[in-house]
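Okay, structure first, notes after.
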Amino acid sequence: MRTRHFSIRACASPQAFPRVGLIVPRYGRSAVDRNRLKRRLREVVRVEFLPQSVALDLVVRASPSAYDLAFGAIRDEVASALQRAAR
C-alpha cells in the first residue's frame, strides 16, 4: 500500500512474531537527516504496530518528501497505514 510519503508492504510472517524492515534512501540528504527519519519510523512502529502482536512482515520505504515531515505527521500517516495492514 502507498501513502503520500511512504510505501508499505505487508505479508504473513513465517515466524510467530512481527518483523519490520525500514528503507530510508539517502536522496542527497545528510546522515543526520537520514538517521532522524529512521529513529522516528522505528518509534512509530514500536508504539503503534508491535503491541498488536500480529504476525506480519512489514517493509516501510520512505520517499524523498518524508524527510520534511514533522514527527506527528509521520506518526499519523504510518499508524493509519499499519492499522490497515494489520486487518
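The values are calculated or read from the model by the stated rules, or taken from the named source; none is laboratory data. These numbers were taken from a predicted model, which means no experiment stands behind them. Every residue, glycine as well, gets a Cβ built from its backbone with ideal geometry; the counts of neighbours run over all protein chains shown. Calculation scope for accessible area: heavy atoms of the full protein, side chains included, ligands and nucleic acids excluded. Shrake-Rupley method; radii C 1.70, N 1.55, O 1.52, S 1.80 Å.
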With a cut-off of at most 13 other beta carbons within 10 Å, and DSSP calling the residue loop, which trypsin sites (Lys or Arg not before Pro) in region 1-71 qualify? Please list them.
-> 4, 26
Carbon/sulfur accessible area of the chain, % of total, 1.4 Å probe, equals 49
Tilt of helix 31-44 relative to the longest C-alpha principal axis of the chain, in degrees (0 to 90, nearest 10)?
-> 30
Taking only Cα atoms and a 10 Å spring cutoff, compute GNM fluctuations for the chain and point out the largest among 20, 47, 60.
-> 47
Average accessible surface area per residue within the chain, 1.4 Å rolling probe, Å² = 60
Stretched out fully, how many nm does the piece from residue 13 to residue 42 gain, at 0.36 nm a residue minus the Cα gap?
-> 8.6 nm
What is the Cα convex hull volume of the chain when expressed per residue in Å³?
-> 82
Principal-axis tilt of helix 71-86 within the chain, Cα atoms, nearest 10 degrees | 30
Find the relative contact order for the chain and round it to a whole percent, using C-alpha pairs within less than 8 Å whose residues are 6+ positions apart.
-> 45
Of the residues 63, 17, 41, the Cα lying farthest along the dipole of the chain towards its positive end, which is defined by charges on the beta carbon of Lys, Arg, Asp and Glu, belongs to 63
